[in-house]
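**Q** To start, I am sharing the structure in question, which I have written as structure tokens.
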Amino acid sequence: MSDIDQLFSMSRADRQAAKFRRLFERMGQWCRVVPFDGAEPVVRLVNLAGSKGEIAASAGNEYMPEKIMQAEFLVQDGKVFSGDTVELGDIDALGDFVADGTKLQLTLLSAIDAVSVTYVYLEL
């Protein structure tokens, strides 16, 4: 079966999931998610480009712009939860994950839909 035949045999939802997978492969970064409950770590892609500015009140009741850091994950790659630790890195020539020393803590669920889930994170 050719690539074109395979594409047209897919459902609309499957085509959309494949499109987001390709987008994540271009824009995403490899990471290892270490679940807060001690379960086995999982290597997957994360998109950190979702950071945005938000207005927040400071202690003196002045409104200051504050950068909110967000990490987006594909739902089809499995679940992530608030409290999970994310180690950024890359895949080496042997296919093994190599951490670069950057660690993030997922804190607050920011958005979820059928394709992706986004959490606010803190850099550790």
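**Q** Give the peptides 28-34, 98-104 in descending order of average Cβ contacts within 10 Å, highest first.
**A** Details: 28-34: 19.6, 98-104: 13.7.
Ranking the peptides 28-34, 98-104 by packing returns 28-34, 98-104.
**Q** Sorting check: for 88-97, 16-25, 114-123, which peptide has the highest mean count of neighbouring beta carbons within 10 Å, and how do the rest follow? Walk me through the intermediate numbers first.
**A** Values: 88-97: 11.2, 16-25: 13.8, 114-123: 17.2.
The peptides rank, most packed first, as 114-123, 16-25, 88-97.
**Q** Mind giving me the FRET efficiency for A18 and E66? R0 is 41 Å, r the Cβ-Cβ distance, nearest 0.05 is fine.
**A** Numbers: r = 36 Å, r/R0 = 0.88.
After rounding to 0.05, the efficiency reads 0.70.
Every read-out reported here was derived from the displayed coordinates using simple, explicitly stated rules and does not represent laboratory data. Worth saying up front: this structure is predicted, and the values here are computed from it rather than measured. Note: ideal-geometry Cβ built from the backbone for every residue, glycine included; neighbour counts use all protein chains shown.
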